[in-house]
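Working notes, structure below.
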Amino acid sequence: MAQYPRIRVDLASGVPAVRQIVENLRVLLVEGQLFPGTALPSVRRLAVELGVHFNTVAEAYRQLAAEGWLDLKHGRGAVVVPRVVSPVRNKAWAEDFRNRLRGMVAGMRSQGISAARIATELRAMAKAVTRS
Amino acid sequence: MRLVLCAVYLFTAALVFAIPNMTRRDLLFAVPVPPDFRESRAGRHAISTFRTTIAVVMVAGVCALLLSPAKLLNATMAAVWLAVFLTGGISFYWQNRRLAPATVQFTRSREVELTATPEELPQFAWLAAGPFMILGAAAEFLYRNWSRIPGRFPMHWGAGGQPDRWAERSTKGVYGPLFFGAEVCAWLLIMALAGWFGSRRSRSRSVMLGGMIAGQYVMGLLFALIAVQPLLGIPVWVIALAPMGILIPLIILLIRKMSEAEGPIDPTPNECWKGGVFYYNPNDAALFVEKRDGWGYTFNFANRRSWALLLLLALAIASARFILP
């Protein structure tokens, strides 16, 4: 049986469901698990399976379409499309990226996760990013 | 006939009595609890209180059915059935409220496979055509033997087995029960399809679909037997018990399948369950969700389509006045 990529949404977490769906899908898109031509489940089906409102999934698809990942055709659902990105020339992105990472690390540490463990995870992530 | 009534009543009441056994072990009176909670003092007390209440009503109901004067048998039958369901409902709700503090906070996360493969019905879904074929065959049989149908014949029987409504040999009188049966079967089919496409993927979904199709057979058979009764002279107790031959094994099978715990509980929010029985969640796109009392699926009453389906049922019942003789 074919193995399909999966996404996970935690409705009890403080993070809005739409953001969780967008981030989950974006990870799969960036990692290439969802490649151009892949059809995503219909808004209705994904909403039923995740236990969220139709609008939540529709909004997530719209955000990803606006980023250039998806093509939303009425009646055809969402399809992954090739995406051309020109490199960011603005130097502020690095500062913004570091700030976001710092915020995430602080969040993890406030939940009691050790600095060593976070560093290990970051190293593993860095390796994966380098490979891709 | 009284004994048949008592047997059917006892079976129904026994089902209500057995409600605590019909759920997976991590649910008790629709409250998510630890699997060993039933063996705890609070768990045992909740179950025994519920059972004692139902047992008292059950025994009182049997006595009432056996001792009621023949004239009052119809009313008594309605009253004892109502009593057992009402007591069961109230007692269930009461235990649900009492156990609420024991609720386990389980994870609310869901993992979903990203497949766009269209949803396909299982192959056995074609069996849903069967009840319509039974009703059609009955109509054909009546058409071919039209001249043999008596000018006036019984159409409805009271609790004592005596006819209390008659019909005449006319299109409405002869085919009315078949039209009504087809209407009920169509509603059940719509429910089955809505349940399949409007609920989350799970093993229980096939069980629900199978249960609805079997329900169609019960209704199709019942109305076909009523329609051909004037020609074949089928005893009324056969008409009453024949659908039971499907219904009883079906209920037992469904209960066994549904109570087999597989995977985690569908993580519907606790606060969206009203009395543990009614689900109302405007943020959930599902039309049907797995129930927490072990009896299959229920509507998400926040979904407008659930009200449309109930309206269809109400219309089907109301149409009996115009369709049935």
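Structure notes:
- Percentage of interatomic Cα-Cα distances in chain B larger than 30 Å: 44
- Our note on the geometry: Cα centres of segment B:5-24 and segment A:57-132, 55 Å apart.
- Signed unit charges on C-beta, dipole axis of the protein assembly as shown, positive-most listed residue B:Gly151, A:Trp93, B:Leu188: A:Trp93
- Cα coordinate range in segment A:92-131, projected on the principal axes (Å, largest first): 29, 24, 9
- Residues whose amide H comes within less than 5 Å of that of B:Trp157, counting only those at least five positions distant or on another chain, are B:Asp164 (H built at 1.01 Å from N in the peptide plane).
- Exposure proxy order (Cβ contacts within 10 Å, fewest to most) of B:Tyr143, A:Tyr4, B:Tyr279, B:Tyr9: B:Tyr143, A:Tyr4, B:Tyr9, B:Tyr279
- Over segment B:1-105: Rg over Rh, Cα atoms, Kirkwood Rh: 1.08
- Amide N proximity, segment A:17-33 versus A:Asp10 label position 7 Å along Cα-to-Cβ, cut-off under 20 Å: A:17-28
- Ratio of Rg to Rh over chain A (Cα coordinates, Kirkwood Rh, two decimals): 0.99
- Cβ-placed point charges (K, R +1; D, E -1), dipole of the protein assembly as shown about Cα centre in debye, nearest 20: 600
- Over segment B:107-155 - Rg/Rh using Cα atoms and the Kirkwood inverse-distance radius: 1.44
- At q = 0.11, 0.15 Å⁻¹ the log10 of I(q)/I(0) for segment B:116-200 amounts to -0.47, -0.72, computed by Debye summation with a single uniform scatterer per C-alpha, solvent ignored.
- The protein assembly as shown - Kirkwood radius from inverse mean 1/r over Cα pairs (Å): 26.3
Read-outs: derived from the displayed coordinates by stated rules, not from any lab. Note that this is a predicted model, so its numbers are computed, not measured. Cβ atoms come from the backbone with ideal geometry, glycine included; neighbour counts cover every protein chain shown.
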